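Quick notes on the structure that follows.
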Amino acid sequence: MQIVILTGAGVSAESGLGTFRDQGGIWSRYRLEDVATPEGFACNPALVHTFYNARRASLRAAEPNAAHHALAELEQRHAGRCLVVTQNVDDLHTRAGSRNVLHMHGELQKACCASCGNRWRAADQMHADDACPACGALACRPDVVWFGEDVRSMDRILGSVAQADLFVLIGTSATVYPAAGLMQLARDQGAQTLELNLEASAAASVADRLLLGPATEVVPRWVAEWCRTNGLE
Ligand code: OAD
């Protein structure tokens, strides 16, 4: 039995990290073209660093919540493979104990060099005039995926989705591709599909089952139910 779980900003909302498209969300306060595109970075790197420095500071103050912990527990108890594919750039799944996590939109706490491709742990504060520790180029950027760039680990994600018996979508609006298309893909390839969300996502019509509510309530409840029905208590 192989489980693939796709998470989005909603799973971290109750840890105090903002979502993007909810009322008051990040994209109501910033233009995504300014802070989440290669063109925006080329135009004003200082603004982009300020944006990600603030998000890194929020992340340092945040803790994994009951939803992250429940998913880590599911991975631990489940005898088969359980993979978390996250669109989130935070590290809360890992801090909760999940070991099998793919960050398809990169990681806030890593930096990379746009010139030589070197990656390293990001400083709390990154600046436009930081030099790459490997090649010295002034081309340091957060190691996150921006609009127009390729997502990470897509081959592994597609391979896992093809093998999945159960696909679970949690806390994402399912509006950004390719993540938004994964539940449909899983279902087309024979997986059962489940959505756990505060509000139904754009992909909800391909969910075999939809459970609505805050992640810290719905996710632990579903994991407990899953463990019970699969004799894992
Ligand atoms: P969105 O902000 O688009 O969607 C957040 C989802 O979480 C919505 O479905 C909400 O209903 C749900 N939600 C909010 N609070 C919740 C809670 N307490 N419990 C459960 N669900 C809750 O965020 P994403 O779908 O993650 O990409 O956004 C996808 C991508 O768009 C992000 O990775 C980011 C963004 O632009 C890049 O920056 C490349």
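Grab the helices (runs of 4 or more DSSP H) fully contained in the range 140-233, keeping just those with 1 or more residues being farther than 18 Å from Thr19 by Cβ, without any contact (Cβ under 8 Å) to a residue 24 or more places away in the chain and in contact with a Leu (Cβ under 9 Å, 6 or more places away or on another chain).
Values: elements: 154-163, 182-188, 215-229.
Correct list: 215-229.
Restricting the search to the range 67-90, which residues are buried (at least 18 other Cβ atoms within 10 Å of the Cβ) and either assigned to a helix (DSSP H, G or I) or touching an Asp or Glu at 6+ places or on another chain (Cβ under 7 Å) (or both)?
Answer for the range 67-90, where residues must be buried (at least 18 other Cβ atoms within 10 Å of the Cβ) and either assigned to a helix (DSSP H, G or I) or touching an Asp or Glu at 6+ places or on another chain (Cβ under 7 Å) (or both): Ala67, His68, His69, Ala70, Leu71, Ala72, Glu73, Leu74, Glu75, Cys82, Val89.
Within the range 200-230, restricting attention to residues that are touching a helix residue (DSSP H, G or I) at 6+ places or on another chain (Cβ under 9 Å) and among the acidic types (Asp, Glu), which residue is farthest from the ligand (Cβ to nearest atom)?
Applying the filter and picking the extreme gives Asp208.
Can you name the residue in the range 23-59 that is assigned to a loop (DSSP other than H, G, I, E, B) and either aliphatic (A, V, I, L, M) or free of Cβ contacts under 8 Å to residues at least 40 places away in the same chain (or both) and is also farthest from the ligand (Cβ to nearest atom) among such residues?
Asn44
Considering only the range 33-74, state which residues are under 26 Å from His93 (Cα atoms) and more than 17 Å from the chain's Cα centre (by Cα). Can you show your working first?
Going through the range 33-74, the residues under 26 Å from His93 (Cα atoms) turn out to be 35-37, 48-74.
Answer for the range 33-74, where residues must be under 26 Å from His93 (Cα atoms) and more than 17 Å from the chain's Cα centre (by Cα): Val35, Thr37, Val48, His49, Thr50, Phe51, Asn53, Ala54, Ala57, Ala61, Glu73, Leu74.
Taking only the range 1-22 into account, find how many residues are crowded, with 20+ Cβ neighbours inside 10 Å, more than 9 Å from the ligand (Cβ to nearest atom), assigned to a loop (DSSP other than H, G, I, E, B) and among the aliphatic types (A, V, I, L, M).
Counting residues in the range 1-22 that are crowded, with 20+ Cβ neighbours inside 10 Å, more than 9 Å from the ligand (Cβ to nearest atom), assigned to a loop (DSSP other than H, G, I, E, B) and among the aliphatic types (A, V, I, L, M) gives 1.
Please go through the range 150-187 and pick out each residue that is within 11 Å of the ligand (Cβ to nearest atom) and aromatic (Phe, Trp, Tyr).
Answer for the range 150-187, where residues must be within 11 Å of the ligand (Cβ to nearest atom) and aromatic (Phe, Trp, Tyr): just Tyr177.
Name the residue that is surrounded by the fewest Cβ atoms within 10 Å (Cβ to Cβ), counting only residues in the range 106-135 that are touching a residue at least 40 places away in the same chain (Cβ under 8 Å) and farther than 25 Å from Ala179 by Cβ.
Residues of the range 106-135 that are touching a residue at least 40 places away in the same chain (Cβ under 8 Å), as a first pass: 106, 108-109, 122, 124-128.
From the residues that got through so far, the ones that are farther than 25 Å from Ala179 by Cβ too are 124-128.
On the way: Asp124: 9, Gln125: 13, Met126: 18, His127: 13, Ala128: 16.
Out of the qualifying residues, it is Asp124.
Tell me which of these Val219 doesn't satisfy, since it passes every other one: (1) under 12 Å from Leu169 (Cα atoms); (2) surrounded by fewer than 18 Cβ atoms within 10 Å (Cβ to Cβ).
(2)
Quick one: is Val84 over 30 Å from Ala191 (Cβ atoms), modelled with pLDDT of 95 or more, within 18 Å of the chain's Cα centre (by Cα) and aliphatic (A, V, I, L, M)?
Numbers: over 30 Å from Ala191 (Cβ atoms): no; modelled with pLDDT of 95 or more: yes; within 18 Å of the chain's Cα centre (by Cα): yes; aliphatic (A, V, I, L, M): yes.
So Val84 fails the test.
The values are calculated or read from the model by the stated rules, or taken from the named source; none is laboratory data. Source: prediction; values computed, not measured. Glycine also receives a Cβ, built like all others from the backbone with ideal geometry; neighbour counts cover every protein chain displayed.
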